[in-house]
Every structure is written in structure tokens, then in C-alpha cells.
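The values are calculated or read from the model by the stated rules, or taken from the named source; none is laboratory data. Everything quoted here is computed from the prediction, not taken from an experiment. When we count neighbours, we look across all protein chains shown, and the Cβ atoms used for this are built from the backbone with ideal geometry, even at glycine. Just the protein is used for accessible areas: all its heavy atoms, side chains included, with ligands, DNA and RNA removed. Shrake-Rupley method; radii C 1.70, N 1.55, O 1.52, S 1.80 Å.
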Amino acid sequence: ADNLVKLMDGQILVESERGKGTEFTVYISLPIAEEAEREEAKELMETKVEQERQKEIESFSLEGIRILLAEDNAINAEIAMELLDMQGAVVTRAENGQEAVRIFEQSVPGSFDVILMDIQMPVMDGWEATKVIRKMPRMDAELPIFAMSANAFLEDQRHSMEVGMNGHINKPVDYDEVRRLIGEQMYLRK
């Protein structure tokens, strides 16, 4: 230890008192890192964290993920359910927003991991359904909800966020993008 301290231009002071013990005091002069060095180290760390995050999201699997799918179009719903099922997801379908609200409300809290919500549906649209779900006094009312819409307008995307949705998926749906978006939300909620 003495050699190590000397190599660092430091010194060790030793005070010893019989019956009481020995006290070692070590003095080392360490340079203060330059602001640029500190910033560089911080950026390096943030890059590493971001790379880890991306790796985890890219490799995310829908295996066992419980999805409530609100889709009024039977053909779209069938395609979605088939593709999600192939990835291992467990899908429950609602034919409109009102039914999605009812299914969610009557489910045991924690029954669903995510909701894929079509926007334009009869009886109750996806935005309205999302507002109702977000106001429910349940722990899981904050689960990820993604809008699905053929309208890619910025206004619609903005409105989806305003009502409490976590993302806006354009139709035709890219289910690999869906997997990544769900993975991102699951990563953020860890």
C-alpha cells in the first residue's frame, strides 16, 4: 500500500498509541477531471445505455404478452390476431371502443399488458375509449395503449397523445413495428 501511495505522489501518516490502536491517514493528490473529459465519459455511458436499450427492444418477444385488440373490421382483426398469435401473443378482440372498455373494466387488474386501439370504430371510437379507460380507478389503467389508424395526419397523432395513448401505428400495420413499440413500453416500465 505504501508503494502505491508513493507512486501517486501521496503520503501515509501513522499514529500509534499503546492499548488504543493505530490510525493511518492517507493523503493523495488527484487531478480534477477536465469538464470535457467528464462530458465525454457521461456521453459514453449514455451511448452504452442507449445501445443496451435498443438491443433489448430489438430482441423483444411478444411471447405471452396479453393484448386487447379493438378493431371493428373483421378481416383486419382476423389478420392482426393471426400475426400476433404467430408471435406468441395472447389476443382478445373487441369489436368497438365500447366493448373494449367493457372487456377491460370486467377483467381482473393486470389481465392485459397492452391495448391496440383502432381509432375509427362505430358505437365508441378509440380516442373516447382510451379516455374512459385512463379515468378508471385501477392500477392497470395506465397500461400502454396504441392507436391504429389509416390516417397518418399529424393532427390525429397529436390527438392520440392528448387522450393518453402511448403511440400511433399507421395502417396497413407493420407488426414488427408493433412488437418494437410494445417492447419499448415494456422496457420503460421495468
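About its Cα centre, what dipole magnitude does region 38-85 give when the only charges are +1 on Lys and Arg Cβ and -1 on Asp and Glu Cβ, stated in debye to the nearest 20? Don't jump to the answer; show the numbers that get you there.
Numbers: 6 positive and 14 negative charges, 54 e Å.
In total the dipole reaches around 260 debye.
Would you look at the GNM of the chain, springs on alpha carbons closer than 10 Å, and say which of PRO137, PRO172, PRO31 moves the most?
Taking springs between Cα atoms under 10 Å, the residue moving most is PRO31.
Using a probe of 1.4 angstrom, how much of the accessible area of region 118-190 is carbon and sulfur, in percent? Spell out each step's value before the answer.
Numbers: 2090 of 3780 Å².
So the carbon and sulfur contribution to the accessible surface is 55 percent.
GNM on the chain, C-alpha springs below 10 Å: top fluctuator among GLN120, GLN11, GLN87?
Ranking GLN120, GLN11, GLN87 by mean-square fluctuation puts GLN11 first.
Protein chains only, probe 1.4 Å: how do MET8, MET186, MET165 rank by accessible area, largest first? Spell out each step's value before the answer.
Details: MET8 75, MET186 45, MET165 10 Å².
Reading off the accessible areas and sorting them downward yields MET8, MET186, MET165.
Rounded to whole Hz and in sequence order, give me ³J(HN,Hα) for region 173-184 from the Karplus expression 6.51 cos²θ - 1.76 cosθ + 1.60, θ = phi - 60°, writing x for Gly and Pro.
3J(HN,Hα) across region 173-184, in whole Hz: 6, 9, 6, 6, 5, 4, 4, 5, 5, 5, x, 4.
Looking at region 108-170, which trypsin sites (Lys or Arg not before Pro) are in a loop (DSSP not H, G, I, E or B) and have at most 15 other Cβ atoms within 10 Å?
Details: sites: LYS131, ARG134, LYS135, ARG138, ARG158; in loops: LYS135, ARG138.
Of the trypsin sites (Lys or Arg not before Pro), the ones in loops of region 108-170 whose Cβ has at most 15 other Cβ atoms within 10 Å are LYS135, ARG138.
Name the residue from TRP127, ILE169, ALA41 whose Cα lies farthest towards the positive end of the charge dipole of the chain, charges +1 on Cβ of Lys and Arg and -1 on Cβ of Asp and Glu.
TRP127
Express the accessible area of the chain per residue in Å², computed with a 1.4 Å probe while the remaining protein chains stay in the model.
On the way: 12210 Å² over 190 residues.
With the other protein chains kept in place, the chain gives 64 Å² per residue.
For region 11-58, with all protein chains present and a 1.4 Å probe, just round the carbon and sulfur fraction of the accessible area to a whole percent. Provide the component values of the computation, followed by the final result.
Numbers: 2480 of 4660 Å².
Carbon and sulfur: 53 percent of the exposed surface of region 11-58.
Evaluate the relative contact order of the chain (contact order divided by residue number), counting alpha-carbon pairs under 8 angstrom at least 6 apart; express in whole percent. If you can, show how the numbers build up before the last one.
Values: 258 pairs, mean separation 31.2, N = 190.
Here the relative contact order equals 16 percent.
What whole-number distance in Å separates the alpha-carbon centres of region 66-120 and region 36-51?
40 Å
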